[in-house]
Amino acid sequence: FIKMDDNEKTLLLDKSYTCPVCDQKIKVKSVKTNVAKFVGTGPDLRPSHSNINVTKYEVASCNYCGYTALVKDFPNTTQVQRKLHRENIQANFKSREEVSCDSYSVEMAISRLKMALLCAVTKTGKVSEVGNICLKISWLYQDLVDELSEDDPGYEEKKTAYLAEAHNQAMNAYEHLSKARMEEDYPIAGMNETTLDYLLSYLAYEKGEYQTAMQYLSGVVTSRGISPRLKDKCLDLKELVNAKLHPDE
């Protein structure tokens, strides 16, 4: 699915940030502008690039106080949220030297996203922020499956475990993003209404909620200005949902 560039490090740069919680300067590996070669997205909108896995580099993490968030949400904290972080996470966090590495493995990226999830929940972040992080964790577990080789010892067990994790995180994303749809203004997790409703439709299908999936879909298919690419995804999904709703036809 994703063939990584052997020279992944040449596509990256170290970006500097100031942690909004402890004011320390930190460095974060980021993908250089305009180097990722976009291929397309999966049915759950998991992005695919031919030369680098961009999702691995969407998190900023402070090695001094533990504050971690998606890069786009990293600076946006309130005084109350910073206080919650200091009391609940920083108090028990062991500050450490920044680990030097050329690039992040998928496993490293998952642990960074899980830390971002813990921080988002602790600071009572927006529901969409929590849902978005869960979605990205789900994508990375699928990436772990893609990296497995059938010759690996324990291939079947690992594959089953990774797919179960991917599904659990996708269902967490579904729960939070459905809630965000009712409570928040667009864009939600970087998505407009059409894109979010398509995603919720797909996640509802994965959960086995076929009526709900169809309700979301019906709005998307008829919406104006839907991109041809998304419309194709909707039509494919509609066939899958119909097959579940009307198995005898």
Total formal charge among the other residues, if their Cβ is under 13 angstrom from that of E209, Lys/Arg +1 and Asp/Glu -1: 0
Greater than 23 Å apart at Cα, pairs in K126/K238; K136/K158; K136/K244; K72/K114; K123/K179; K179/K244: K126/K238; K136/K244; K179/K244
Accessible area of the chain belonging to carbon and sulfur atoms, whole % at 1.4 Å probe: 49 percent
The stretch 111-158 and the stretch 179-249: distance between their alpha carbon centers, rounded to Å: 22 Å
Unmatched cysteines, the chain - criterion: no other Cβ of a Cys under 4.7 angstrom: C101, C119, C134, C234
Inter-probe distance in nm under a simple model that places probes 7 Å from Cα toward Cβ, at E175 and T122: 2.1 nm
Nearest-20 debye value, the stretch 56-96 charge dipole, Cβ charges on Lys, Arg, Asp, Glu: 120 debye
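The values are calculated or read from the model by the stated rules, or taken from the named source; none is laboratory data. The structure presented is a predicted model; accordingly, all values stated were derived computationally and were not measured. Using ideal geometry, Cβ is built from the backbone for each residue, glycine included, and neighbour counts are taken over all protein chains shown. In case anyone asks, the SASA skips ligands and DNA or RNA and just uses the protein heavy atoms, side chains included. Shrake-Rupley method; radii C 1.70, N 1.55, O 1.52, S 1.80 Å.
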